[in-house]
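Q: Here it is, the structure, as structure tokens.
The values are calculated or read from the model by the stated rules, or taken from the named source; none is laboratory data. What you are looking at is a predicted structure, and each value in this text was computed from that prediction instead of being measured. Backbone-built Cβ (ideal geometry, glycine too); neighbour counts: all protein chains shown.
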Amino acid sequence: MALVPPLPAAPGTGAGAATITLETDADALAREALLDRAMGPGRTRKSSERLRRGRLPAAGLAFAARDGAGRLVGTVRLWNVAAARSPSPSGLLLLGPLAVDPSLKGAGVGAALMRHAIGEAGRLGHGAILLVGDPDYYRRFGFSADKTDALAMPGPYEKHRLLALELRPGALDGASGVLGACGKRSPRSRARRMAA
């Protein structure tokens, strides 16, 4: 469990510090409501969603930030992905979505979630984290487009927003092509496939 700096008092949040824990199944509804508030209804049409749909997040890499009252105020998940061509398995992850309750914008919750997720991904031995996002925001965590030129997302996206952070030097060397999902399928997705 990680501690986030003290949060400002916001309506319905409860005062005090926030904590970061592993997400639980009980967080599902609150997470979806938070994502809707923070990202809007178009969030499920993004290219990144194609890599997440029907999959489970990478083991041990789905995090929830909770305020002093235990309310979910932030979320981030990482997903197993693979480059179409890669000289060796490099443990690639796709980060997203990162979302924080709009009432806590600027309170440091998103930054704390990012640092925690990066640290845990490295500790678990993954090679690199990719994401599609604002280069100016993610640069402070070490992300850049320096090693993503030969990679692509499965669907429309802005090329300059495909960013990466190597957790192991050289993890992206020689990786190219369209990213694909390679994580475990969610039980609901598996059940739907079997019923078809």
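Q: Using beta carbons and a limit of 6 Å, which pairs, at least six apart or on different chains, have the first residue in the range 167-183 and modelled with pLDDT of 90 or more and the second one among the basic types (Lys, Arg)?
A: Every condition considered, the pairs that remain are Leu172/Lys147; Ser176/Arg85; Gly177/Arg85; Ala181/Arg55.
Q: Of all residues in the range 73-107, which are surrounded by 18 or more Cβ atoms within 10 Å (Cβ to Cβ), over 26 Å from Gly155 (Cα atoms) and either basic (Lys, Arg) or modelled with pLDDT under 95 (or both)?
A: Once the filter is applied, which keeps residues that are surrounded by 18 or more Cβ atoms within 10 Å (Cβ to Cβ), over 26 Å from Gly155 (Cα atoms) and either basic (Lys, Arg) or modelled with pLDDT under 95 (or both), the range 73-107 yields Asp101, Leu104, Ala107.
Q: Hey, any hits in the range 58-71 for a residue that's exposed (fewer than 14 other Cβ atoms within 10 Å of the Cβ) and either in a helix (DSSP H, G or I) or in contact with a Ser or Thr (Cβ under 6 Å, 6 or more places away or on another chain) (or both)?
A: Start the filter on the range 58-71 by keeping residues that are exposed (fewer than 14 other Cβ atoms within 10 Å of the Cβ), which leaves 59-60, 69-70.
Now narrow it down to the ones that are either in a helix (DSSP H, G or I) or in contact with a Ser or Thr (Cβ under 6 Å, 6 or more places away or on another chain) (or both): none.
No: zero hits.
Q: Of all residues in the range 16-51, count the ones that are β-branched (Val, Ile, Thr) and modelled with pLDDT under 90. Lay out the reasoning, then the answer.
A: First, the residues of the range 16-51 that are β-branched (Val, Ile, Thr): 19-21, 24, 44.
From what's left, modelled with pLDDT under 90: 44.
Counting residues in the range 16-51 that are β-branched (Val, Ile, Thr) and modelled with pLDDT under 90 gives 1.
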